[in-house]
Amino acid sequence: MTDKTVIIGLEIHCQLNTKTKLFCGCSTDFQGDEPNTHVCPICLGLPGAMPRLNKQAVLYALKVAKALKLTVPEVSEFSRKNYFYPDLPKGYQISQYDKPIAEKGIMEVDDDEGHPKNIRITRIHLEEDPGRLIHKTSRDRAGYSLVDYNRSSIPLIEIVTEPDLRSPKEARRFLNKLRSTLEYLEVFDGEREGSIRVDANISIKGHNRVECKNISSYKGVEKALNFEITRQRNLIRKGQRIEQETRHFLEGRGITTSSRSKENENDYRYFPEPDLRPLRVSGWIDDIVLPELPDARRERFIAQYGISENHARTLTGDLKVANFYESVADADPAIAAIWVADILLGEINYRSMRIDDVPTMNIGDLIALIRDGTITDKSGVEVLRVMLDHCIGEDVETCEMPADIVTRLGLTKAAGDDFTAEIGKVIAANPNAVADYHAGKKGAVNFLVGQVMKATRGRADPKELNTAMADALKETEE
Ligand SMILES: Nc1ncnc2c1ncn2[C@@H]1O[C@H](COP(=O)(O)OP(=O)(O)OP(=O)(O)O)[C@@H](O)[C@H]1O
Ligand SMILES: [Mg+2]
Ligand SMILES: [Mg+2]
């Protein structure tokens, strides 16, 4: 239930998937490479190095701004946010402060009762990501830290919301929708490790706010917020004061702990970045053409394919899933919706696979086999599992086609004649159940049908079998 006394606002840092970094030409594609191999004097922050702004990053930020209906002011400005920490050798982060690239937008999200509501976006600003620190501890030597500057100066946008969210679930839905919007805009790669980091602010009405910093998963945000609601409520009940503070979320334990970092705005000593000129890009926004976004695609799916609102929602929540669905929908949009949304997604989740790994052609064929009544749904699941367990990563050409799997495993749907014999056997072998049936226990028929299903290993169509069983039982009536 939404609780009107819970107040939540988010600051979301998202990595933009530009080819090069925010202020230099270093490649951002360093996944799996050795540490410190994608660096130069600029992103290492060596003295005297001059930043040069990446136009692609600006265009990506503007694309997001337009999608979330923000206003782009005439002039925006970069600022230095000063702090001392080894993830940032030059001693300051180039960010934006009082003149961000975009202000005042909205994104619609469903509240806990399923009613749409607008969450106001305060601002979006551009900034550089710092390097990555890895802290090592060991039993036999003093702890030490390693620094990798490959990530240093990857472009980030920080999206700040107004405190309009009212529950941890709502916050998670907001983040999911934001992620899906960014993916549709093709400015962001959600599968990349650390591509999104959230600071979650939360207060109970009339009390101070607490900020839980640097949470790297949506589930983590929801958990941290739930933990905070309980913690803050307990303090209030005991008549204690909520300190305005920064807390850290310990993912493994699902709790937040106070962190003594005392930095506040004054400590950052923000001032305008003298090495970069003010940005005047408000004119660019008109030339940006937005793609179809998740809400629009969902509505189109409902109208064009005649599928349910729920299916459409599941299928359009992820750009790749939506594309996948559209490439197999031809065979039969309704059957395809069931097979992709209700069955395939579960099966690939279970195997920690990605939708990209699934050959669309084979799923299309499988859907056609179901549509044509060649196999039952139950056999379809069997075929799908064989495909997912054996075909993946293989060349689609060499991967066994659904029809061949059906033949090899003998899964072709049992025709009426095939199971009449089984029905006879089952009836003969279970006189008690038959007697129960005639005594008015209609449930006994389920047992008998189940026996035939077992004997035919799910190859019988349940509807046909039920009718045939009812007819056969009638004949046994005295
Ligand atoms: N009473 C409140 N309860 C919960 N959240 C709040 C409340 N008031 C403001 N917020 C949220 O706190 C966030 C403020 O972020 P902002 O970046 O402006 O300031 P900050 O957290 O002080 O600075 P920093 O960028 O250093 O974290 C916003 O997301 C806002 O919605
Ligand atoms: Mg902030
Ligand atoms: Mg903050």
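Coordinate-derived values only; no laboratory data. Only a predicted model underlies this, so the values are computations on that prediction, with no experimental measurement involved. Virtual Cβ from ideal backbone geometry, glycine too; neighbours counted across all protein chains shown.
As a test of the formula, what do you get for the chain when each DSSP H run with n ≥ 4 contributes -39,500 (n - 2.57) and the sum is divided by the residue count, at 222 nm and rounded to the nearest 500 deg cm²/dmol?
Values: 16 runs with 177 residues, N = 478.
When only DSSP H runs of four or more count, the value is -11000 deg cm²/dmol.
Here the simple spin-label model places points 7 Å from the Cα toward Cβ, and for E400 and F84 these points are separated by 6.6 nm.
Any idea what the alpha-carbon Rg over 2.2 N^0.38 Å comes to for the stretch 320-409? The partial results should precede the final answer.
Numbers: Rg = 11.8 Å, N = 90, 2.2 N^0.38 = 12.2 Å.
Here the Cα radius of gyration is 0.97 times the empirical estimate.
For the pair A49 and Q244 in one chain, pulling the backbone fully straight at 0.36 nm per residue adds 66.4 nm over the alpha carbon distance.
Viscosity 1.306 mPa s, temperature 10 °C: Stokes-Einstein D of the stretch 71-226 from its Kirkwood Cα radius, in µm² per second?
Values: Rh = 17.7 Å.
Estimated via Stokes-Einstein, D reaches 90 µm²/s.
Between helix 168-184 and the chain there is an angle of about 90 degrees, using the helix long axis and the longest principal axis of the Cα atoms. Label zone of I236 (point 7 Å out along Cα→Cβ, amide N under 14 Å): in the stretch 94-133 this covers no residue at all. Close Lys pairs in the stretch 416-475, defined as Cα atoms under 18 Å apart and 8 or more places apart or on different chains, number 7. Taking other Cβ atoms within 10 Å as a rough exposure proxy, R459, R197 sort from fewest to most as R197, R459. Under the shape rule built on the C-alpha gyration tensor, where the axes satisfy a ≥ b ≥ c, the stretch 84-157 is oblate, since a/c reaches at least 1.5 while a/b does not exceed b/c.
With 0.36 nm allotted per residue and the present C-alpha distance subtracted, the A421-S217 stretch has 67.9 nm of extension available.
Taken about its Cα centre, the chain carries a charge dipole of roughly 2400 debye when the Cβ of each Lys and Arg holds +1 and the Cβ of each Asp and Glu holds -1.
Normalised radius of gyration (Cα atoms, divided by 2.2 N^0.38 Å) for the chain: 1.27. Taking label positions 7 Å along the Cα-Cβ direction at both I106 and R139, the computed distance is 6.0 nm, reported to one decimal. Relative to the dominant Cα principal axis of the chain, helix 319-328 is inclined by about 30°. Straight Cα distances below 25 angstrom link K136 to the lysines K90, K213, K262, with same-chain residues fewer than 8 positions distant left out.
The relative contact order of the chain, computed from alpha carbon pairs under 8 Å that lie at least 6 residues apart in sequence, is 13 percent. A straight line joining the Cα centroids of the stretch 402-441 and the stretch 1-58 runs 62 Å. Using the Cβ-Cβ distance between R457 and A296 with R0 set to 51 Å, the FRET efficiency from 1/(1 + (r/R0)^6) comes to roughly 0.70.
Rg/Rh for the stretch 1-157 (Cα atoms only, Rh after Kirkwood) is 1.06. Restricting attention to the chain, close to 95% of DSSP beta bridges with both partner residues there are antiparallel.
In the chain, the longest principal axis of the Cα atoms and the axis of helix 294-305 are about 20 degrees apart. Taking 7 Å steps out from each Cα toward its Cβ at S27 and E191 produces label points 1.9 nm apart. Fully extending the segment from V381 to T467, taken as 0.36 nm per residue of separation minus the present Cα-Cα distance, adds 28.6 nm.
Kirkwood hydrodynamic radius of the stretch 6-287, from the reciprocal of the average inverse Cα-Cα distance over all distinct pairs: 19.9 Å.
In whole angstrom, how far apart do the alpha carbon centroids of the stretch 111-160 and the stretch 315-334 sit? About 32 Å separates the Cα centre of the stretch 111-160 from the one of the stretch 315-334.
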